[in-house]
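Asks: What follows is a single structure, and I will ask about it in a moment.
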Amino acid sequence: MSTHLKRILITGGAGFLGSHLCQRMVDAGHDVICLDNFFTSQKSNIVHLLDRPNFELVRHDVTQPFMAEVDEIYNLACPASPVHYQYNAIKTVKTSVMGAINMLGLAKRTKAKIFQASTSEVYGDPEIHPQPESYRGSVNPIGLRACYDEGKRCAETLFFDYHRQNGVNIRVVRIFNTYGPHMHPYDGRVVSNFIIQAISGQDITIYGDGSQTRSFCYVDDLINGFIKLMDAPDDVTGPVNIGNPGEFTIKQLAEMVIEMTGSKSKLIYKPLPKDDPTQRKPDITIAQDKLGWEPKIPLAEGLAKTIEYFKSINLADYRKPTDHQVQ
Ligand code: NAD
Ligand code: UDP
């Protein structure tokens, strides 16, 4: 085996983003350990990898310590959709904070390079637009989204303290809304909701008046950014925004999905969830300058691939992670 092949631990590896990362790393020949507690995912996302000799699946919760000898860790374990991360808010904080402590401890002992999947939610409901990494955010620390936002902010703090105090080699990426195949059909995020509603003839649920904006990145672009950050020189710790600066209102997204699916679904309006950010768009100057990264796949192209994926799966094979509703 050549020396560039690595032992890579991917927490949350069965989830939407994790399963794409596992695929890329297994295909590159690395030895991959996929660790997941299957809270918001199912084995179906990685079942096709189970007979590959360089892929190993471990059912484990990151709030508990984990021992393995590894060269790189990608820490993705955490529910990402507001409906599911608000279902058990205390567990969400534990997953982010205790998960980070456990994985950073593992990185310190094994001298592994460690990557943290942070989020644009660290910016909260931002007062500046677009958001550069230097912006410190506007987060409600006691609101319904705080378990996720503050959990991820504390995880960033831990990453930088382990880096300063223990010399751990860290990479922190702030991910903006990403979509694509392998999203759970009952994930509850806007792209999966709208596509499932459109292809099954249900009303499309717009929260608020649909004027809030998001910037949507196709998953393949995002994973390229992850790998570029992990392979960058050691002084490129991040945080680095990775996302697509194309900005759309939620109403525009609904109209695109209806047009692309040829659906007869109607738009219906529901109350805006509490603390729902009104606008979000990444400033990707650092990713462009330090990583030579920028997204390549426009929304219409990525949506077409995602619609095709959701049409190809059997919804009866999926269990709702929780019955929680946004408030
Ligand atoms: P996802 O819900 O599909 O995947 C998360 C995975 O983590 C799931 O497989 C879940 O079962 C697992 N998990 C949750 N809690 C765990 C625990 N305590 N122990 C072990 N495994 C656990 O979500 P995703 O979109 O793939 O997100 C992956 C990561 O990226 C998350 O950390 C999320 O916060 C971050 N992120 C994603 C987005 C996005 O738009 N997709 C945006 C910002 C940040
Ligand atoms: N949203 C919506 N209808 C849905 C799901 C979400 O209008 O069925 C809105 C939500 O209120 C938010 C945006 O779409 O303004 C993105 O929501 P998502 O849960 O995907 O992620 P967020 O960026 O809020 O974490």
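Read-outs: derived from the displayed coordinates by stated rules, not from any lab. Every value quoted in this text rests on a predicted model; they were computed, and no experiment measured them. Methodologically, a virtual Cβ is constructed for each residue, glycine included, from the backbone with ideal geometry; neighbour enumeration extends over all protein chains shown.
Asks: Could you list the square roots of 5 times each eigenvalue of the Cα gyration tensor of the range 13-163, that is, the equivalent ellipsoid semi-axes, sorted largest first and rounded to whole Å?
Replies: One finds semi-axes of 27, 17, 15 Å for the range 13-163.
Asks: Let me ask something else. Two-decimal Rg/Rh of the range 142-196 from alpha-carbon positions, Kirkwood Rh?
Replies: My calculation of the ratio gives 1.13.
Asks: Still on this structure: How much length is gained on full extension from Arg164 to Tyr309, taking 0.36 nm per residue of separation minus their Cα-Cα distance?
Replies: This chain segment gains 47.9 nm when fully extended.
Asks: Among the trypsin sites (Lys or Arg not before Pro) in the range 242-300, which ones are in a DSSP loop with at most 16 other Cβ atoms within 10 Å of the Cβ? Mind listing them?
Replies: Taking the range 242-300 and a limit of 16 other Cβ atoms within 10 Å, the loop trypsin sites (Lys or Arg not before Pro) found are Lys264, Lys266, Lys274, Lys296.
Asks: Okay, moving on. For the range 161-226, build the convex hull from the C-alpha positions and give me its volume per residue in Å³.
Replies: 134 Å³
Asks: Given bins 10 angstrom wide, list per bin the percent of all Cα-Cα distances in the chain, short to long.
Replies: 6, 27, 38, 23, 6, 1
Asks: Where in the range 234-249 is the amide nitrogen less than 19 Å from a point lying 7 Å along the Cα-to-Cβ axis of Ser134?
Replies: Correct set: 236-242.
Asks: Given the Cα atoms of the range 61-149, and with Rh set as the inverse mean 1/r over their pairs in the Kirkwood sense, what is Rg to Rh to two decimals?
Replies: 1.02
Asks: Can you compute the radius of gyration and Dmax for the range 181-281, using only the Cα atoms, both in Å?
Replies: Rg and Dmax of the range 181-281, Cα atoms, are 16.1, 52 Å.
Asks: Here is a further query. On alpha-carbon atoms, Rg over Rh for the range 122-234 using Kirkwood Rh?
Replies: 1.02
Asks: Taking a 20 Å limit on the Cα-Cα distance, which of the listed pairs Lys264/Lys311; Lys6/Lys108; Lys43/Lys111; Lys251/Lys311; Lys152/Lys251 fall beyond it?
Replies: Cα-Cα > 20 Å for Lys43/Lys111; Lys251/Lys311; Lys152/Lys251; rest within.
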